[in-house]
Every structure is written in structure tokens, then in C-alpha cells.
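Inspection log for the structure reproduced underneath, given as C-alpha cells.
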Amino acid sequence: MTHNGPILGSTRLTEEQLLLREAVRVLADERVAPRAAAIDREAEFPEDMRQLLAEHDVFAIPFAERHGGLGADLLTLVLAIEQLSRACATTGLLLAVQSLGAIPIQIAGTEEQQDRWLPGLASGEKLIAFGLTEPDAGSDPSGIRTRAVRDGDEYVIDGGKRFISHASVADYVVVFAVTNPEAEKPSRRLSAILVETDRPGFKVARIEHKMGLRGSPTAELAFDGLRVPVGNRLGEEGHGFAIAMQTFERSRPGIAAQAVGIAQGALEAAAAYANQRKQFGRPIGELQMIQALLADMDAATEAARHLLYTACDEIEAGNTHAARWAAIAKLVAGDTAMRVTTDAVQVFGGYGYIDEYPVERMMRDAKITQLYEGTQQIQRLIVARSLLARS
Ligand SMILES: Cc1cc2nc3c(=O)[nH]c(=O)nc-3n(C[C@H](O)[C@H](O)[C@H](O)COP(=O)(O)OP(=O)(O)OC[C@H]3O[C@@H](n4cnc5c(N)ncnc54)[C@H](O)[C@@H]3O)c2cc1C
């Protein structure tokens, strides 16, 4: 892969952000990209990539210094996810999910809970997952059936989760369960509870076979009389829904970054191919219809990137419409990744459709960014509600 030093929105970045982005870019080009095709083909969790990110302090980025982290802001985290995903979306998700699972602890955990769990996550020694979705509760978390019933100093959890990224390899899962079924508002029925995955009653029921992100295990979980101390609850009882929504305000930019990274990777691969592939006696990059495709891909990727960086600044600055900023970033970046990767396959012609080149993998990986952490339809609902509330 080639380096695009002077572009990629460098002007607004601080010296530290530029240095960190460059370090992750080099790591991604030299160590991650050569593994990407095999990770996809083998569809196995890339433990070597987890070790690599741990050794290079990449997991430390979204954690406070007092927990062994780098104390970086949201934009810096996004830069790292973007660079990793440019080479391998599955490896980018390692960092995105580690942050996703940690956010409930960071926003709702007590100091003692943070000291207990965050250092292991910052070092990468421990992995965490985020367990919201259930078979009957995807876009609508009010369908959650998993129950956590108080029994003295413990909760007894029964139920299950579906589609939980990394839950089969994680040490902890933040489980959203019904603790207050009688609450009038559905949004006050849930609590967030950190579950250690080695507890009796925690079972990985199956791993999904997926179109893309194939090295990232997506697990179905079953909880049967799973006992967890009350001290593992994050925040107040009944605050789980609010914690989940606040988490998405900070995690959706990570998925948008994954999308921008995938789009950038596909754009670079397509441009390199257009320079080298000859038809009608000259490189296809000299054909204006190919140039138009490449130009639109470049413009759309850059636009999505800048929107994302602005969203990060707004969210970090405490914008009261943070949910809207997170949603528009994910909406635009996810749709951009899908379009750009599809067009990249077009630039490659038939070669784009076979696994000799990376763009078919990137196209399959791009699709998930329109689906998880809220589908594109749900992002549109959030943006529209925010707009209507302001008018
Ligand atoms: C690979 C993968 C990894 C995932 N990782 C995690 C994870 O780590 N943790 C976790 O908790 N979840 C995870 N998920 C779950 C993911 O967030 C959900 O799949 C997603 O939120 C959509 O829910 P659903 O699949 O049940 O679709 P549904 O909610 O059934 O939606 C079906 C269709 O209806 C549309 N729709 C639904 N409601 C509305 C509405 N009100 N207005 C308009 N359209 C609507 C949707 O946009 C979609 O097109 C993951 C999913 C996948 C595939």
C-alpha cells in the first residue's frame, strides 16, 4: 500500500495526532495488511493481531493515563481505527470493540470499578464485548428479554444475546438485562451489568458464519442461572438504556472510521490497479470513465472523513446534539464505504470479483458498517428527530 502523507485531512490534526496516525499507518501497512486476506479466508479470530495491538499500545489509545492508557481524544481513536481498517477491517474492529465495551465503564462505572477493569483493557491483556442485541431486540432494545433478578448481593441472569462481537474470546461482556420489568417507561427497565465470561452459567451457543469481517467472531450467548455480584452493575438500576445510548454517541464514530478506512483502502487499490492494467493499448486510468469513477470515490471518501473528524470534535466538545453528530458520521461514512468499495470492484473488472485482489473483501466488509451499532435507517431516525426537535 502506498502512503498518502500530505492528504487525509492532515491540516487540522495536532502534532501528537499526526505522529500517532503515522505510527499506526506503518504498523497497518507492514504488519496488518499482509495478514488481511488470510484472516478473511480462515475466518478465525486473529490472536496475532490482538498481540500486535497490545504490544504497540494501540489498545491504550482510548483509556485515561491513570488506567495505563494514552489519554487520547475521540478523534485520535478514530484516526487509529481508520488506519487499521484501511488494511484490515477485522483488525480495526479489535480496537473499536475494545472501546465500545469500555465506554459503559468509563461513563457509568465507579472509580473502584474503573480501577478494577480498565487497566487490563488498556494493556490489551483483557478483551471486552458489548451485549445489547437479542433475537427479538435489534433496532428496538425494548424487546430485550434477558432478566437479571436480584438475590441478596448477586444478580441471577437468565436469557441470551445474539450477534455479540468478540464475546467468544472476551474476558468480560457488558450485558444489558431487564432488572425493572415493572417500570412504566421501557427505557427504565434495563441495567448494564459487567459479566466475567468464566462464570458458570455463561455459554457461547454458536458463532455466526458471515459475509464479511470474517475474522471477527460474532457470538450467540446463553445465560443460565448466571450469578454476578451486584457490584458488577454499571450505574444505577434502570439506567441501562441511557448508558447504551450514551455509549453509541462515542462508539458510532469508531464504526464511521472503520468505514472511511475501508473506503480509503479500496480507493488506493483501485488507483494503483488503474495505473497498471492496460486495455486498448493504454492504462485504464487514462480512460475518462475510469477517471470519473476514481474521482468520485476520492471525493466521497474525503467528504466522509472530514464530516467524521468534525463530528469527533463536536462530540468531544460536549455538543448537546452529540447523538446526531455520531449518527450523521456513521450514516455518510457507511454509505460511502459501500459505494466506494462497489466502484473499486468495477475498476478492477472481473479481477475485482475474485480473491486475488483485496477489493471484493473490502466490499463484503463495508456492508456491515451500514448494519451494526444501529442500521442506516436508525441513524436517519436519529438525525431527523434531532432536526425536528430544533425547528
Ligand atoms: C457482524 C455483526 C456484529 C454485531 N456486533 C454486535 C455487538 O457487538 N453488540 C450488539 O449488541 N449487537 C451487535 N450486532 C447487532 C446489530 O447491532 C444489529 O444487527 C442491528 O442493530 C440491527 O438489528 P437486527 O439485525 O435485529 O435488525 P432489525 O431491527 O430486525 O431490522 C431489520 C430491518 O428493519 C429496519 N428497521 C427496524 N426498525 C426500523 C424503524 N423504526 N424505522 C425504519 N426501519 C427500521 C432496519 O433498518 C433493517 O433494515 C452485530 C451484528 C452483526 C451482523
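Can you tell me what percent of all Cα-Cα pairs in the range 56-106 are more than 17 Å apart?
Pairs farther apart than 17 Å: 27 percent.
Given a 10 angstrom Cα cut-off, can you work out which residue in Arg364, Arg41, Arg145 is the most mobile in a GNM of the chain?
Looking only at Arg364, Arg41, Arg145, the biggest GNM fluctuation is shown by Arg41.
Starting from the Kirkwood radius over alpha-carbon pairs of the chain, derive D by Stokes-Einstein at 10 °C in a medium of 1.306 mPa s and give it in µm² s⁻¹.
It diffuses with D of about 75 µm²/s by this estimate.
Give me the dipole magnitude in Debye, nearest 20, for the chain about the Cα centre, with unit charges on the beta carbon: positive for Lys and Arg, negative for Asp and Glu.
The dipole magnitude comes to about 1000 debye.
Once the Cα atoms of the range 17-170 are picked out, what are the Rg and Dmax in Å?
16.9, 53
Mind computing the radius of gyration and Dmax over the alpha-carbon atoms of the range 73-159? Å is fine for both.
Both quantities, over Cα of the range 73-159: 15.9, 49 Å.
Report the antiparallel proportion of the DSSP beta bridges in the range 112-185 as a percent, rounded to a multiple of 5.
So the antiparallel bridges amount to about 55 percent of the total.
When the gyration tensor of the range 242-390 is built from Cα positions, what are the square roots of 5 times its three eigenvalues, in whole Å, from largest to smallest?
They are 34, 14, 11 Å, listed from largest to smallest.
Report the dimensions of the range 229-308 along its three principal axes from the alpha-carbon atoms, largest first, rounded to Å.
Answer, in whole Å and largest first: 71, 24, 13 Å.
Have a look at Glu249, Glu44, Glu112 and tell me which one the Gaussian network model of the chain (Cα, springs below 10 Å) gives the largest fluctuation.
Sorting by GNM fluctuation, first place goes to Glu112.
Starting from the Cα of Ala205, step 7 Å along the direction of its Cβ; do the same at Glu125; then give the gap between the two resulting points in nm.
Once both label points are built, they end up 3.4 nm from each other.
Please compute, over every Cα-Cα pair in the range 129-237, the percentage with a separation greater than 21 angstrom.
Tail of the P(r) past 21 Å holds 31 percent of the pairs.
Label-point separation (nm) for Ala23 and Tyr353, each offset 7 Å from Cα along Cα-to-Cβ?
The answer from the label model is 4.5 nm.
What part of the accessible area of the range 15-125, given as a whole %, is carbon or sulfur when the probe is 1.4 angstrom?
Ligands and nucleic acids excluded, carbon and sulfur reach 48 percent.
Any idea of the accessible area per residue across the chain, 1.4 Å probe, to the nearest Å²?
43
For helix 89-108, report the angle its Cα long axis makes with the longest principal axis of the Cα atoms of the chain; keep it between 0 and 90° and round to the nearest 10°.
30
How many nm separate the modelled label positions at Thr310 and Lys278, each set 7 Å beyond the Cα in the direction of the Cβ?
Roughly 4.5 nm, to one decimal.
Let's see if you can work this out: charge +1 on each Lys and Arg Cβ, -1 on each Asp and Glu Cβ, no other charges. What is the dipole magnitude of the range 129-237 about its Cα centre, in debye to the nearest 20?
The calculated dipole for the range 129-237 is roughly 340 debye.
The values are calculated or read from the model by the stated rules, or taken from the named source; none is laboratory data. Not measured: the values here are computed from a predicted model. Note that each Cβ is placed from the backbone with ideal geometry, even for glycine, and that neighbours are counted across all protein chains shown. In case anyone asks, the SASA skips ligands and DNA or RNA and just uses the protein heavy atoms, side chains included. Shrake-Rupley method; radii C 1.70, N 1.55, O 1.52, S 1.80 Å.
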